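First the structure, in the form of structure tokens, and then the observations on it.
Read-outs: derived from the displayed coordinates by stated rules, not from any lab. Everything numeric in this text was worked out from a predicted model, so none of it was measured. When we count neighbours, we look across all protein chains shown, and the Cβ atoms used for this are built from the backbone with ideal geometry, even at glycine.
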Amino acid sequence: MAGHRAGAQALKRVVREAVRSGIRQLTVYSFSTENWSRPPDEVDGLMHLIDEMIDTQVDELHAQGVRLVFVGRRDELAPSLQAKMAQSEHVTVGNTSLTLFVALNYGGRAEILDAVRAGLAAGIKAEDLTEDALARHLYAPDMRDADLVVRTSGELRLSNFLLWQSAYSEFYFTDVLWPDFDEAELSAAIQDYASRERRFGARQAG
């Protein structure tokens, strides 16, 4: 739990730097649909930490002009936590400096599956199902496709994160552990991204 608490402090640093850098949308992975398989004491500790972070950090986020949006399967979370999530979203709904999407009980495959189910429930017929139609039923339809996905801790996998939104994302891998990730590391990732040429599947003219 000490590591998770240090990770929460890293999030505060990254959000402040993102606002300063003019980033408009930032998505962070706080708890995945697979994390329920961790030891019960760790799961309980993580849920308590998330609950505590909402209690203590929303006012600071609001003061920075950050809009808070949670994405994931809410109905599997404690009702009290769901209520706090909804309240924090309500408080920050008008903020425009940065939209912070917090992926909580989130999985990329689960999001796509839930979007298909929601589309079918809304009456979309198979012949009318397009990418745009499906995207309207994702957890946060106003979330832009990710320009850059940063993976810390030396891991080289996506871990079921933003599978739909990262189709043409650039990836940045670093050996720095998330609790040690700071303003300088985010700046390095942004500078690396800025040096790249994005093609979105198109071949460069010779």
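Calculate the tail of P(r) for the range 78-193: the fraction of all Cα-Cα distances greater than 23 Å, expressed in %. Across the range 78-193, Cα pairs with separations above 23 Å total 46 percent. Multiplying the residue separation of Arg199 and Ser21 by 0.36 nm and removing their Cα-Cα distance gives an extension gain of 61.7 nm. When the chain is treated as a GNM, springs tying every alpha-carbon pair under 10 Å, which of Trp178, Trp164, Trp36 comes out with the largest mean-square fluctuation? So, out of Trp178, Trp164, Trp36, the one fluctuating most is Trp36. Take the Cβ atoms of Thr130 and Ala2, set R0 to 41 Å, and the FRET efficiency comes out at 0.30.
Each Lys or Arg adds one and each Asp or Glu takes one away; over the other residues whose Cβ falls under 14 Å from the Cβ of Asp44, this sums to -3.
For the chain, what does the helix formula give at 222 nm: sum of -39500 (n - 2.57) over DSSP H segments with n ≥ 4, over the residue count, nearest 500 deg cm²/dmol?
Result for the chain: -14000 deg cm²/dmol, rounded to the nearest 500.
Extension gain for Gln82-Ala63 works out to 4.6 nm (0.36 nm per residue, less the C-alpha to C-alpha distance). Summing Lys and Arg as +1 and Asp and Glu as -1 over all other residues whose Cβ lies under 9 Å from the Cβ of Thr33 gives a net charge of 0. If you take all other residues with their beta carbon under 15 Å from the beta carbon of Glu131, and give Lys and Arg +1 and Asp and Glu -1, the sum is -3. For the range 139-206, state which trypsin sites (Lys or Arg not before Pro) are in a DSSP loop and have at most 14 other beta carbons lying within 10 Å of their beta carbon. Those satisfying the criteria are Arg144, Arg157, Arg196, Arg198, Arg199, Arg203. In the frame of its principal axes, the range 2-144 has Cα extents of 49, 38, 23 Å, reported largest first.
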